[in-house]
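The values are calculated or read from the model by the stated rules, or taken from the named source; none is laboratory data. Every value quoted in this text rests on a predicted model; they were computed, and no experiment measured them. Backbone-built Cβ (ideal geometry, glycine too); neighbour counts: all protein chains shown. Just so you know, the surface numbers come from the protein's heavy atoms only, side chains and all, with ligands and any DNA or RNA stripped out. Shrake-Rupley method; radii C 1.70, N 1.55, O 1.52, S 1.80 Å.
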Amino acid sequence: MSVPRVVVVMGVSGTGKSTVGELVAEALGVPYAEADAFHPEANIAKMSAGTPLDDADRAPWLDAIGAWAADRTARGLGGVVSCSALKRRYRDRLRAADPALFFLHLDGSRELVAERLAGRRGHFMPRALLDSQFADLEPLEPDERGAALTIDAEPRTLAARAVALLGAPPEGGPEAGGAESGDTT
C-alpha cells in the first residue's frame, strides 16, 4: 500500500482551487483543507481592504499550511489543500515542511479568471488584487513535482483529470498513490 501524498491545489484567486480541491479530496478519500482558514485575521483584514500581502504576512500562513501537510504525511495520511503558492519561494517553503508535496496548478487566462471573480460572492479577496496575483505568479518549474491544468472545463472534469495525473484510481481511497516525481508541468 502506498502512502498518499498531500496535494496543493495552487493558482491565482478565482481559478477554482477550493472547488476542484474539494472534489479531488473526495475522489481520493482524503481530507480537504482550505488555505484561507490558515490566514491570521490581520491577513484577511489587509486583503479585504484591497492591500496585497507581503512576504512577511505570508510566512506564518505558509508555515501553518506546511505544518498541516507535514503532519498528514508523517501520520501516513494524505490530504488536499488549496493555496495560491504563486511564487517558487513560497512552494519551496511549503516543501521544506513536507518534501513530498505535489502541486496542481490551475491555470487560466486573466480574462477568464476576472470573469469568474466578477461572479463570485462572499469572498474577502477583491477583484482589484487579481493583477498583483498574476504579476507574482511563477509557474511550476521542471524540477518541481507537480502538473498544470488549464481551467477550460467544469470542476468535476478538472478533478477527474487531476486524479488521473496523480495516478490514482477513479474511485481512489486512502490507498491511492501519487504521481511519480518525474511528473511535472
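A search for C-beta distances below 9 Å between a residue of the range 135-158 that is free of Cβ contacts under 8 Å to residues at least 40 places away in the same chain and any residue that is open to solvent by less than 50 Å² (accessible area, probe 1.4 Å) and assigned to a strand (DSSP E or B), counting only pairs 6+ apart in sequence or on different chains, returns nothing. Scanning the range 1-41 for residues that are over 18 Å from SER132 (Cβ atoms) and open to solvent by 30 Å² or more (accessible area, probe 1.4 Å) yields a count of 16.
Of the residues making up the range 25-42, those that are in contact with a Phe, Trp or Tyr (Cβ under 9 Å, 6 or more places away or on another chain), hydrophobic (A, V, I, L, M, F, W, C), part of a helix (DSSP H, G or I) and over 13 Å from ALA159 (Cβ atoms) are ALA35, PHE38. Of the residues making up the range 125-145, those that are open to solvent by less than 50 Å² (accessible area, probe 1.4 Å) and either at pLDDT below 90 or under 19 Å from LYS46 (Cβ atoms) (or both) number 7. Do any residues in the range 32-51 that are at negative phi have Cβ atoms under 6 Å from those of residues that are β-branched (Val, Ile, Thr) and outside any strand (DSSP E or B), where the two are at least six apart or on different chains, and which pairs are they? Pairs found: ALA35/ILE65; PHE38/ILE65. Checking the stated criteria, ALA67 turns out not to satisfy the condition of being farther than 27 Å from ASP143 by Cα and in a helix (DSSP H, G or I). Out of all the residues in the range 51-70, which are closer than 21 Å to GLY146 by Cβ and out of contact with any Cys (no Cβ under 9 Å at 6 or more places or on another chain)? Listed by number, the residues that qualify are ARG58, ASP63, ALA64, GLY66, ALA67, TRP68, ALA69, ALA70.
Working carefully through the options ALA70, ALA118, ALA148, ALA97, find the one that is surrounded by 13 or more Cβ atoms within 10 Å (Cβ to Cβ) and under 19 Å from SER18 (Cα atoms). Testing whether each residue is surrounded by 13 or more Cβ atoms within 10 Å (Cβ to Cβ) and under 19 Å from SER18 (Cα atoms) leaves just ALA148.
Of all residues in the range 72-100, exactly one satisfies the criterion of being touching a strand residue (DSSP E or B) at 6+ places or on another chain (Cβ under 9 Å) and of a type in the set (Asp, Glu), namely ASP98.
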